[in-house]
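> I'd like to ask some things about the structure below.
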Ligand code: ZN
């Protein structure tokens, strides 16, 4: 396994459409392993092949293993992912990207999606995702079409991670109710 370089916004590969995977060989499996290791090293919840300079339709998604998220610690590797169904209901939530280092923003996405694709051996697979997991899948799938979250972010919501965490802290300090905390630290994908 190897840790790969994560390309940053401005690199043209991030704006290219990924090519459909047709060969499910050892090279593909190795790329997936390297992407997983790279994602772990960068503390991300997902990574798409174009982010490591490979214009192909491969994504990995892994939920943080801290019990705060549904599917904690679960991981998906999906080739040629496509949205089959998405909810009409949407929500605005925080996103950050390993290819836009240091920033986060607020993006509106469907609250639930069904995704179909193939595993590393080419077998068909389907994933039903909602909430934060749906967001992570949609963020990664955007990368396969050359789209970055900053293209979709609500106007004036893109800020540095430091600004975001300060804002969250202020909201929590003001919140005297017993509700759940207003937010978590920045999440990157
Ligand atoms: Zn990203």
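The values are calculated or read from the model by the stated rules, or taken from the named source; none is laboratory data. Just so we're clear, the structure is a prediction, and the values are computed from it rather than from any experiment. As a convention, Cβ positions derive from the backbone with ideal geometry for all residues, glycine included, and neighbour counts pool all protein chains shown.
> How many of the residues making up region 106-138 are out of contact with any strand residue (DSSP E or B) (no Cβ under 6 Å at 6 or more places or on another chain) and closer than 22 Å to residue 163 by Cα?
Summing the residues that are out of contact with any strand residue (DSSP E or B) (no Cβ under 6 Å at 6 or more places or on another chain) and closer than 22 Å to residue 163 by Cα in region 106-138 gives 1.
> Tell me yes or no: at least one residue of region 127-136 is surrounded by 16 or more Cβ atoms within 10 Å (Cβ to Cβ), in contact with a helix residue (DSSP H, G or I) (Cβ under 8 Å, 6 or more places away or on another chain) and either in a helix (DSSP H, G or I) or at pLDDT 95 or above (or both).
The answer is yes; a qualifying residue exists.
> Here's a follow-up. What residue, of 146, 122, 93, is away from the ligand (no atom under 16 Å from the Cβ) and either assigned to a loop (DSSP other than H, G, I, E, B) or under 13 Å from the mean Cα position of the chain (by Cα) (or both)?
122
> Considering only region 29-46, I want to know if a residue exists there that is under 19 Å from residue 122 (Cα atoms) and assigned to a loop (DSSP other than H, G, I, E, B).
Taking every residue of region 29-46 in turn, none turns out to be under 19 Å from residue 122 (Cα atoms) and assigned to a loop (DSSP other than H, G, I, E, B).
> Scan region 39-64 residue by residue and report those that are more than 12 Å from the chain's Cα centre (by Cα) and within 13 Å of residue 142 (Cβ to Cβ).
Scanning region 39-64 gives 50, 57.
> If I go through region 38-53 residue by residue, how many of them are away from the ligand (no atom under 12 Å from the Cβ) and surrounded by fewer than 18 Cβ atoms within 10 Å (Cβ to Cβ)?
The total comes to 4.
> Just one of the numbered conditions (1) closer than 23 Å to residue 57 by Cβ; (2) over 14 Å from the mean Cα position of the chain (by Cα); (3) surrounded by fewer than 18 Cβ atoms within 10 Å (Cβ to Cβ) is not true of residue 166; which one?
(1)
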